[in-house]
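Only one structure is covered here, and it is reproduced in the block below.
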Amino acid sequence: MSTTPDLAALFGAGDVKTFLGLELCDDLETIDASSAFIGAPCATPYASVGAYAQNGPASLRRAIASLSANIDRHNFDLGGPTFPDGTRRAVDCGDLPWSDSDFAANRATIRNAISKIVCRGVVPILIGGDDSVPIPMIEAMGETGKSYTILQIDAHIDWRDTHMGETMGLSSTMRRASEMAHIEKIVQVGARGIGSGHSSDFEDALSWGVKFFTGLDLHRQGMQPAIDQIAPGAEVILCIDIDALDPSVAPNTIGRAPGGMSYYQVLELILAVAERGHIAAVDVVEILPEADVDGIGGLNVSRLVAAIMGVIARQQAGPPQP
């Protein structure tokens, strides 16, 4: 066979434009769903590289399109259909408009969208875009009046105060979050290798109270020590930079480094958060489809997002009734 078989046709999927063929919601004022996939191609990129991850959201829609006809099939990562009977499905809210020059406007657009989604009782799943995208999302969560734990899953700690003259870029995400009154705890999982941070940035994070579990810690001790840092009943913001995953799992990112997490290690953390606390918001960032290898990264990351949607749907529905 000289051509790649069309798996979408094999599974019975047609031409879909949304993530997993979910309903499109273009009115955030009336959104009704368990969670919302919302693309944010750009927030505050560094001038040296620009909006290099702008195609991330679209790439995940393409990667999972072949399974759109299988949305009601058994998902072994979740022990049943992605959206079981009695749960609400997620929706796809499309991509937010963005500017390659007005970064303050980008941040305002993201913040306003997240505020509207959360106001409707829907969990936002913000798909980036580089790792500057979460800053306005985390900021928007302060409008709820609640306090939050951030669980950051990332190869880098993102505690630079400024980088290349920019304070709102991807290297400063957790530093900016630490300055927000509604963030009461930060747990950072998966740091490894060499990043842009200095040892003084790491020391600042420790002084603030961050609990770190490095890539080496995870491979030596497993996931439970990190899981134990999630207090029962905690409201949790999940910040997932896909470079936390090993490059063999997610080559579709700019910050590849050996020794990363497996798909199931990340899923274990997500399932544990939903069991111990409450997933309030999610971002998945640093998706660079141009760096992918045979679509492996798009496949794995899109399925992780689908699993997150299923976890949130179950969380909102509550425990099964006897």
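The values are calculated or read from the model by the stated rules, or taken from the named source; none is laboratory data. It should be emphasised that the depicted structure is a prediction, and the values quoted were computed from it without experimental measurement. Cβ placement follows ideal geometry from the backbone for every residue including glycine, while neighbour counts extend to all protein chains displayed.
Note down all Cβ pairs under 8 Å where the first residue falls in the range 294-322 and is more than 15 Å from Ala63 (Cβ to Cβ), the second is of a type in the set (Asp, Glu) and modelled with pLDDT of 95 or more, and they're at least six residues apart or on different chains.
Qualifying pairs under 8 Å: Gly310/Asp77.
May I ask you to verify whether Arg175 is part of a helix (DSSP H, G or I) and either on the phi < 0 side of the Ramachandran plot or among the hydroxyl-bearing types (Ser, Thr, Tyr) (or both)?
Yes; evaluated as a whole, the condition is true for this residue.
Looking at Ile227 and the list (1) touching a strand residue (DSSP E or B) at 6+ places or on another chain (Cβ under 9 Å); (2) more than 20 Å from Asp131 (Cα to Cα), which single condition is not satisfied?
(1)
Out of everything in the range 148-157 that is in a loop (DSSP other than H, G, I, E, B) and not small (Gly, Ala, Ser), what residue ends up being surrounded by the most Cβ atoms within 10 Å (Cβ to Cβ)?
Checked the range 148-157; the qualifying residue surrounded by the most Cβ atoms within 10 Å (Cβ to Cβ) is His156.
A quick yes/no check of all residues on (1) part of a loop (DSSP other than H, G, I, E, B); (2) surrounded by 24 or more Cβ atoms within 10 Å (Cβ to Cβ); (3) touching a residue at least 60 places away in the same chain (Cβ under 8 Å):
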| position | (1), (2), (3) |
| --- | --- |
| Gln54 | yes, no, yes |
| Ala65 | no, no, no |
| Asp77 | yes, no, yes |
| Ser101 | yes, no, no |
| Asn112 | no, no, no |
| Ser115 | no, no, no |
| Leu126 | no, yes, yes |
| Met137 | no, yes, yes |
| Lys146 | yes, no, yes |
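Looking at the range 192-210, I want the residues that are closer than 19 Å to Leu151 by Cα and of a type in the set (Lys, Arg) and have a partner that is modelled with pLDDT of 95 or more and outside any loop (DSSP other than H, G, I, E, B) with Cβ atoms under 8 Å, at least 6 apart or on another chain. Which pairs are those?
What qualifies is Arg192/Gly215; Arg192/Leu216.
Quick one: would you say Met137 is over 17 Å from Gly209 (Cα atoms), of a type in the set (A, V, I, L, M, F, W, C) and modelled with pLDDT under 95?
no
Out of (1) closer than 23 Å to Met141 by Cα; (2) assigned to a helix (DSSP H, G or I), what's the single condition that is false for Val284?
(2)
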